[in-house]
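Down below is the structure, laid out as structure tokens.
The values are calculated or read from the model by the stated rules, or taken from the named source; none is laboratory data. In this text, all values refer to a predicted model and were calculated from it rather than measured experimentally. Cβ placement follows ideal geometry from the backbone for every residue including glycine, while neighbour counts extend to all protein chains displayed.
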Amino acid sequence: MLNASHICATNFTYSHYRLTRCLDDVAALGVQWFELWGVAPHLHIDTVQEADLQSLKRELAARELKLACFTPEQCVYPVNIAAENPQQRAYSMNYFHRSLEICESLESPLLFMTPGWGYEDDEPDEARRRAVDALSTLAHSAEKRGVTLVLEVLQPRESNLASTVRELAGLVNEVSSPALDAALDIVGMAVGGDSVTDYLTAFGPKLRHCHFIDGTPAGHLAPGDGSLPLKSYLGALRDGGYNGLLSLEIAGGRYWQEPLAPMRQGIQFLREALA
């Protein structure tokens, strides 16, 4: 049953601070789960070395933090598994294969994925086919490494391949791999016009991870800074038997200078709502 032990902190608001500052703050707030956003300067996938990963493992262990999910940046970086350009698609595949290696080194059970996108003035069928092929290949590699991919929707301005639960379920079902599950992004769900119940119905136990944030409905705001009915969403998750983590993917420049305050606010909101 969902409770405060399911709260997961992240480094999404800490890109203007060293990662160790974020880890110190998370530990001080008494949270045991951590989702790592793979982005420079904290962990740049193209340059990180095994020694860096082992050092990070020691930093996590020293604070008794458990890595729940590795989320490589894939929206503002030139990464797109559905790209038409073969060089960009090859780079993107190498990027995620390297991400799987990083998951294995850091002992992360989950690798967070998005579906990519196709050109807006093209029919999406070919881009969708490329996304399915890419996800199938990556899921096969993930299964060998003991890692599970979790796939989320993007907002329509971000992707024309999966912005609703129906489209997301179509991708997951077509790949049909035990190493590809779904993630619920609260803002993506709200913008797509779907509900928590829709996700639970579509995926059941394959709904493995949740980015729990506020919005208007867009935005990745700290709980309480937006207008979404978050307590209602929590009730639906609990009633529906969701047993994954609630990860605070709080993001945006408004939080960069003082990242501790929104993280503390989100943790406090969840602790009170789940009590």
Qualifying position, being among the acidic types (Asp, Glu) and in contact with a strand residue (DSSP E or B) (Cβ under 9 Å, 6 or more places away or on another chain), among Asp185, Asp239: Asp185
Name the residue that is nearest to Phe269 (Cα to Cα), counting only residues in the range 7-28 that are within 15 Å of the chain's Cα centre (by Cα) and outside any loop (DSSP other than H, G, I, E, B). Ile7
Does the range 113-128 contain at least one residue that is touching a Pro at 6+ places or on another chain (Cβ under 7 Å), in contact (Cβ under 8 Å) with a residue 40 or more places away in the chain and of a type outside the set (A, V, I, L, M, F, W, C)? yes
List the residue pairs whose Cβ atoms are under 8 Å apart, where the first residue sits in the range 130-149 and is under 12 Å from Asp181 (Cα atoms), the second is outside any helix (DSSP H, G or I) and acidic (Asp, Glu), and the two are 6 or more positions apart or on different chains. Thr148/Asp181; Leu149/Asp181
Across the range 77-91, the tally of residues that are part of a helix (DSSP H, G or I) and either crowded, with 23+ Cβ neighbours inside 10 Å or touching a Lys or Arg at 6+ places or on another chain (Cβ under 8 Å) (or both) stands at 1
Among the residues of the range 29-76 satisfying the criterion of being outside any loop (DSSP other than H, G, I, E, B) and over 26 Å from Gly266 (Cβ atoms), which is nearest to the chain's Cα centre (by Cα)? Leu53
Between a first residue in the range 238-253 that is touching a residue at least 24 places away in the same chain (Cβ under 8 Å) and a second residue that is in a helix (DSSP H, G or I) and of a type in the set (Ser, Thr, Tyr), which pairs have beta carbons less than 8 Å apart while being 6 or more apart in sequence or on different chains? Gly240/Thr197
Would you mind finding the one in Leu171, Leu207 that is modelled with pLDDT of 95 or more and under 15 Å from the mean Cα position of the chain (by Cα)? Leu207
